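The values are calculated or read from the model by the stated rules, or taken from the named source; none is laboratory data. Small disclaimer: the values here were computed from a predicted structure and weren't measured. Every residue, glycine as well, gets a Cβ built from its backbone with ideal geometry; the counts of neighbours run over all protein chains shown. Just the protein is used for accessible areas: all its heavy atoms, side chains included, with ligands, DNA and RNA removed. Shrake-Rupley method; radii C 1.70, N 1.55, O 1.52, S 1.80 Å.
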Amino acid sequence: MDNLTLKVIARIYTDFGEKFGVPRQSGLVPELTGKIIFEPEYRVPEALSGIEGYSWLWLLWGFSKLPRNKWSPAVRPPRLGGNKKVGVFATRSPFRPNPVGMSSVKIEDIQLQTDEGPVIIVSGIDMMNGTPIYDIKPYLPHVDCHPEALGGFSGQFKDYRLKVECARELLVCFPPDKREALLGVLAQDPRPAYQNDPERVYGVNFAGRNVQFKLDGDRLTVCSVDGCTI
């Protein structure tokens, strides 16, 4: 067991083709959805029997785009400005001895009979498109929820949100079911925390489109979508 090999049981398909813009934690943008499709070996409806009795799941997944065999005992959390170091085990940084992530997601739909086998639609995701999933476990509110728990340095940012300005002419470039999710992603401030240049234009790829924006203080303004401005 010292060299346990994890099997990829499924992959999640999301609107993020790259990691820039992906929320830093699950649940920060409830409107973001993902589609879990199982690998052929695990496309067995019986494996999901009873899952309809739960409303939330834990996903254990891999930081598949990180260099292998790279970890840091101390890291610089983005929310601390990218300058202050803390221990990696006091964070959810991807630069860990084992590059494993965990997310709490809400079940939106369960489709047992599709051309792709059983499919689970979840919301509140924080993963790139195609992220490998190693395990799925039910969220148990009577043991997994601890309202009295201390949140460390993360507690000071629990209500953090930017004011987002996006002209309707640009917002309608996205399907109606993607618009609130986009605004939620931008409100979480995709930038590295140490970058604070009001003249710099940033770009995030979301739902197959390139969204460019600028920031001034706590106000984010969308400049263009796929190069189209107003």
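Note that the chain presents 59 Å² accessible area per residue, ligands and nucleic acids not counted, probe 1.4 Å. Scanning residues 5 or more positions from V119 or on other chains, those with amide H under 5 Å from its amide H are Q111, L112, with H placed 1.01 Å from N in the peptide plane.
For the stretch 214-224, the Karplus equation 6.51 cos²θ - 1.76 cosθ + 1.60, evaluated at θ = phi - 60°, returns couplings of 10, 10, 9, x, 9, 10, 10, 10, 6, 8, 7 Hz by residue, with Gly and Pro reported as x.
Using Stokes-Einstein with the Kirkwood hydrodynamic radius over Cα pairs, what translational diffusion coefficient do you get for the stretch 129-176 at 10 °C and a viscosity of 1.306 mPa s, in µm²/s rounded to a whole number?
Numbers: Rh = 16.0 Å.
The estimated diffusion coefficient comes to 99 µm²/s.
Once the Cβ-Cβ distance of L4 and V201 is raised to the sixth power relative to R0 = 35 Å, the FRET efficiency obtained is 0.20. With the simple spin-label model, which puts each label point 7 Å out from Cα in the Cβ direction, the D159 to Q113 separation comes to 5.0 nm.
Select one label from (1) 17.1, 60; (2) 19.9, 74; (3) 18.7, 59: the one whose number is Rg and Dmax of the Cα atoms in Å as derived from the coordinates shown. Answer by label: (3). Springs between Cα atoms under 10 Å define the GNM used for the chain, and in it the highest mean-square fluctuation of T114, T14, T91 occurs at T114. Split the accessible area of the chain by element, probe 1.4 Å, and carbon with sulfur accounts for 51%. Across the chain, the mean sequence separation of Cα contacts (distance under 8 Å, 6 or more residues apart), normalised by length, yields a relative contact order of 27 percent.
Each helix, a run of at least 4 DSSP H residues, gives -39500 (n - 2.57); summed and divided by the residues of the chain, these come to -2000 deg cm²/dmol at 222 nm.
Note on K84 and K70: the extension gain reaches 3.0 nm, defined as 0.36 nm multiplied by sequence separation minus the Cα-Cα distance. Of D15, D216, D189, the residue with the greatest mean-square motion in the GNM of the chain, using alpha carbon springs below 10 Å, is D216.
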